[in-house]
1. Return the distance in nm (one decimal) between the two label points of a simple spin-label model at residue 159 and residue 244, each offset 7 Å from Cα along Cα→Cβ.
2. I need 143, 217 ordered by Cβ neighbour count within 10 Å, fewest first.
3. Tell me the relative contact order for region 126-275 as a rounded percent, counting alpha carbon contacts under 8 Å between residues six or more apart.
4. Estimate the FRET efficiency between residue 55 and residue 269 by the formula 1/(1 + (r/R0)^6), using the beta-carbon distance for r and 35 Å for R0, to the nearest 0.05.
5. Would you order 215, 89, 138 from fewest to most other beta-carbon atoms within 10 Å of each residue's own beta-carbon?
6. How do 205, 141, 127 rank when sorted from fewest to most other Cβ atoms within 10 Å of their own Cβ?
7. What FRET efficiency comes out for residue 75 versus residue 179 if R0 is 30 angstrom and r is the Cβ-Cβ distance? Round to the nearest 0.05.
8. Any chance you could run the full-extension gain for residue 151 through residue 117? It's 0.36 nm times the residue separation minus the Cα-Cα distance, nm to one decimal.
């Protein structure tokens, strides 16, 4: 027994002074990489391995349209939605300006920009030609630091029910409406003034066509886009409670839609915003 205790003590002492390079080599294919983290847990690999070891492949939902060569898929469709390609990279998303689409595919994207906070969110839905649909959602604090602070990343494949709903709103009348509008109650009323709420920047990207609209603050204005907003943002709800806390509730869009219908029923309209 004394010998056994001595051997155990010696092994414990050896383990205590063991250096990281002497420890068992961890697998470079760590699951952490799939979540956007560094692929090697402690202890780190040799310095050369950082550059030469195979990097773990991202899951399909992270970038459903990846790996499409431009010489076969043609040039990307120009997008003028006010979001710089480098800003997309900052949010961990492939820029819309670089996406290559089949004629049967579409991307729907919504940016949520509250008026009284720097907490923003972006939700992108990809409707792929094989019938599958994917959502990529991000939320974070877009201010005061050289990156997106407290960023939350969600990437997932969507159910058949969600796919059908999204394909329907891809043809919503919103996409043929003016890019920016103003609420006019009647011929004698002044334009409504927006002082609170959130602005929504919506984009539909198809092969050869990119449409962007903005609806801000006023319930009647947002209500015109309520079906699209609820479908796209609803595709991301329930996937991460932190993301849910940054997204508007579905009830807000129901109220906005009712306000839009009341505006139209009362003789009002949404007219193109003045330059």
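No value in this document is a laboratory result; all are computed from the given coordinates. Every value quoted in this text rests on a predicted model; they were computed, and no experiment measured them. Every residue, glycine as well, gets a Cβ built from its backbone with ideal geometry; the counts of neighbours run over all protein chains shown.
1. 1.4 nm
2. Fewest to most other Cβ atoms nearby, the residues stand as 143, 217.
3. This gives 25 percent for region 126-275.
4. 0.05
5. In increasing order of surrounding Cβ atoms, one gets 89, 138, 215.
6. Least crowded to most crowded, the residues run 141, 127, 205.
7. So, using R0 = 30 Å, E works out to roughly 0.80.
8. Separation in residues times 0.36 nm, less the Cα-Cα distance, equals 10.7 nm.
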